[in-house]
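Heads up: the structure comes next, in structure tokens.
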Amino acid sequence: MKSMNSMSKEASDRITEAVSAAEYRTSAEIKVIVLSYCWTDIREKAESLFYKYELHETQDRNAVMILLVLVNHEFLVYGDKGIHEKVEEDFWSTVCSAMREKFQAGNLVDGLCTGVERVGDQLATYFPRAEDDVNEVTDEVVHED
């Protein structure tokens, strides 16, 4: 992964657009969180952030968080209970492999957008968007230090 300590507004906007496009096809929620660094285990941090941003409170428990830690060169795709009950076992590794390929080529934004698109494609199958769908989680990228 290319070393970075922050992400530009243009990059964040592009990722937000990818989230909006993915969620247009599904009732599931996708949240991208970018951290500058993480001094704890990434899984512990992901769980903490999942609750902090109330992603566990979606109606169908179908939120997915993509967490990227810039300085640590780590990322994690973290899904709620409803997602785990529906997707195939290899879903998470397939998404992560596609993202890792982009990250290793030095393109963080493409990697995040690829992850968002893959998650959206899969979740549209299990959680199709209804006419009365409500966006329960904002689409904007969250940046934390």
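Being part of a loop (DSSP other than H, G, I, E, B) and either in contact with a strand residue (DSSP E or B) (Cβ under 7 Å, 6 or more places away or on another chain) or of a type outside the set (Gly, Ala, Ser) (or both): is that true of residue 136 here?
Answer is yes for this residue.
Every residue in region 36-50 that is of a type outside the set (A, V, I, L, M) and either assigned to a helix (DSSP H, G or I) or within 15 Å of residue 79 (Cβ to Cβ) (or both), please. Don't jump to the end; show me each part of the working.
At the first step, the residues of region 36-50 found to be of a type outside the set (A, V, I, L, M) are 36-41, 43-45, 47-48, 50.
Scanning region 36-50 gives 43, 44, 45, 47, 48, 50.
Would you tally the residues in region 77-92 being under 14 Å from the mean Cα position of the chain (by Cα) and of a type in the set (Gly, Ala, Ser)?
1
Residue 18 - would you say it is hydrophobic (A, V, I, L, M, F, W, C), out of contact with any strand residue (DSSP E or B) (no Cβ under 6 Å at 6 or more places or on another chain) and either at pLDDT below 95 or crowded, with 16+ Cβ neighbours inside 10 Å (or both)?
Here the answer is yes, as residue 18 does meet what is asked.
For residues in region 51-65 being charged (D, E, K, R) and part of a helix (DSSP H, G or I), which is surrounded by the most Cβ atoms within 10 Å (Cβ to Cβ)?
If we filter region 51-65 for residues that are charged (D, E, K, R), which is where we start, we get 52, 54, 57, 60-61.
Remaining after also requiring part of a helix (DSSP H, G or I): 52, 57.
Numbers: 52: 11, 57: 13.
The selected residue is 57.
Given the conditions (1) within 15 Å of residue 142 (Cα to Cα); (2) among the hydroxyl-bearing types (Ser, Thr, Tyr); (3) touching a Ser or Thr at 6+ places or on another chain (Cβ under 9 Å); (4) touching a residue at least 24 places away in the same chain (Cβ under 8 Å), which single one is not true for residue 37?
(3)
Hey, among 117, 89, which residue is at pLDDT below 95, among the charged types (D, E, K, R) and either in contact with a helix residue (DSSP H, G or I) (Cβ under 8 Å, 6 or more places away or on another chain) or not in a helix (DSSP H, G or I) (or both)?
Only one candidate qualifies: 89.
Are any residues in region 70-96 surrounded by fewer than 16 Cβ atoms within 10 Å (Cβ to Cβ) and closer than 13 Å to residue 116 by Cα, and if so, which ones?
Once the filter is applied, which keeps residues that are surrounded by fewer than 16 Cβ atoms within 10 Å (Cβ to Cβ) and closer than 13 Å to residue 116 by Cα, region 70-96 yields only 94.
Any idea which residue in region 22-35 is surrounded by the fewest Cβ atoms within 10 Å (Cβ to Cβ), counting only those that are under 13 Å from the mean Cα position of the chain (by Cα) and outside any strand (DSSP E or B)?
Once the filter is applied, the top-ranked residue is 23.
Test residue 109 against the stated conditions and say whether it is part of a helix (DSSP H, G or I) and surrounded by 21 or more Cβ atoms within 10 Å (Cβ to Cβ).
Numbers: part of a helix (DSSP H, G or I): yes; surrounded by 21 or more Cβ atoms within 10 Å (Cβ to Cβ): no.
Against the criterion (part of a helix (DSSP H, G or I) and surrounded by 21 or more Cβ atoms within 10 Å (Cβ to Cβ)), residue 109 does not qualify.
The values are calculated or read from the model by the stated rules, or taken from the named source; none is laboratory data. It should be emphasised that the depicted structure is a prediction, and the values quoted were computed from it without experimental measurement. Cβ coordinates were reconstructed from backbone atoms using ideal geometry, including for glycine residues, and neighbour counts include every protein chain displayed.
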